[in-house]
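All remarks here apply to the structure that follows.
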Amino acid sequence: MHGEASLRSERDVQIAFSSKIQAAGAEGLQNGICFFKVSSLLDANSRLAETLADPAGQVEAKQKLVKSIFAGSNIEKLVLEILDKIVSLPWSAPEDIADIVENLGISCIFAASDAAGQTDEVATQLADINSAILNHPIVRQHLSDTHVSSETRVQFWRNLFADAHLNQYTVVLAEHATTDLRGRKYVSAIEWLIKKISEHKNRYVVQITCAAHLTQEQQNRLINIYTRKLNHSVHLDITVDPTVLGGLRIQCGADVTDTTVVAQLENLRKTLR
């Protein structure tokens, strides 16, 4: 895991705080709601977003501004800690800050649903919401109507799904999709959330490619390493491929470590060109 002192990008922030976000468990629901409120604030206040993203601005001044904005509010400690790091980074555009804050909110909601064992249900319910409105253009129009207040859109959504028996994690995500459209249509936002939850679930599948079958001891060692790294139980998806000759190719989400003989030979070939 990256040390916090080496943060340079959104990816670094996600990696640096992934363990804390996942460890928050049930508290992740409130953390997520806080992040969503911050992203909405940034979207609604372009001057604030520009100030916090300004690479020429003093980091200490931006951190002080964040603390002053949320002084006396109910913002969660972890959220404030992460925001403090976010505003210290050199962002290329103001909207980038709102993007990462929203993504962190989603990660927090998923952490809470993981702790409750309801992540699969959230995925199913989001797909059901998408299916329910897909062939109803008037409904989709109301949920994406920027000419009315976000409160009006949310109330319309609540009336629409009042009897749907959705869990609280689904409700927070689905309501956020219409609260802060961020230039998206509601259906597009729901489909994006479905994709995000699929990516989240795949984070905990460690794909292994090896030349020969791994012993149970080797498998247990890999499980322990990635369980500690992700602060979450993992599943190994093992493919035996003799053509890699030896070593391991390990993929966990977007992270790939390839120590196979065939990969090393290819790297050597490129070096000798």
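The sole residue among ALA132, ALA123 that is out of contact with any Ser or Thr (no Cβ under 6 Å at 6 or more places or on another chain), under 26 Å from SER233 (Cβ atoms), surrounded by 13 or more Cβ atoms within 10 Å (Cβ to Cβ) and modelled with pLDDT under 95 is ALA123.
Can SER149 be described as in contact with a Leu (Cβ under 9 Å, 6 or more places away or on another chain), at pLDDT 95 or above and not assigned by TED's automatic domain parsing to the domain that holds ALA26? It is false that SER149 is in contact with a Leu (Cβ under 9 Å, 6 or more places away or on another chain), at pLDDT 95 or above and not assigned by TED's automatic domain parsing to the domain that holds ALA26. From the residues in segment 229-250 that are of a type outside the set (Gly, Ala, Ser), farther than 16 Å from GLN218 by Cα and at pLDDT below 90, which one is surrounded by the most Cβ atoms within 10 Å (Cβ to Cβ)? Checking each candidate, the answer is LEU230. Among the numbered conditions (1) outside the structural domain of GLN141 (by TED's automatic domain parsing); (2) in a helix (DSSP H, G or I); (3) crowded, with 18+ Cβ neighbours inside 10 Å; (4) among the hydrophobic types (A, V, I, L, M, F, W, C), the only one that ILE223 does not meet is (3). Pairing each residue of segment 37-51 that is closer than 22 Å to ALA177 by Cβ with any residue that is assigned to a helix (DSSP H, G or I) and among the small types (Gly, Ala, Ser), provided the two are 6+ apart or on different chains, yields C-beta distances under 7 Å for SER39/ALA98; SER39/GLY105; LEU42/ALA49; LEU42/ALA98; ASP43/ALA98; ALA49/ALA98. If you filter segment 4-54 down to residues that are at pLDDT below 90 and of a type in the set (Ser, Thr, Tyr), you find that the one that is farthest from GLN118 (Cα to Cα) is SER6.
Name the helices (runs of 4 or more DSSP H) wholly within segment 51-118 that hold at least 1 residues that are in the same structural domain as GLY25 (by TED's automatic domain parsing) and in contact with a Phe, Trp or Tyr (Cβ under 9 Å, 6 or more places away or on another chain)?
In segment 51-118, 77-86, 94-115 are the helices (runs of 4 or more DSSP H) which contain 1 or more residues that are in the same structural domain as GLY25 (by TED's automatic domain parsing) and in contact with a Phe, Trp or Tyr (Cβ under 9 Å, 6 or more places away or on another chain).
Counting residues in segment 211-218 that are more than 28 Å from ILE21 (Cα to Cα), surrounded by 15 or more Cβ atoms within 10 Å (Cβ to Cβ) and touching a Gly at 6+ places or on another chain (Cβ under 6 Å) gives one or more.
The values are calculated or read from the model by the stated rules, or taken from the named source; none is laboratory data. Fair warning: this is a prediction, and the values are worked out from it, not measured in the lab. Because the Cβ atoms are built from the backbone with ideal geometry, glycine has one as well, and the counts that use them run over all protein chains shown.
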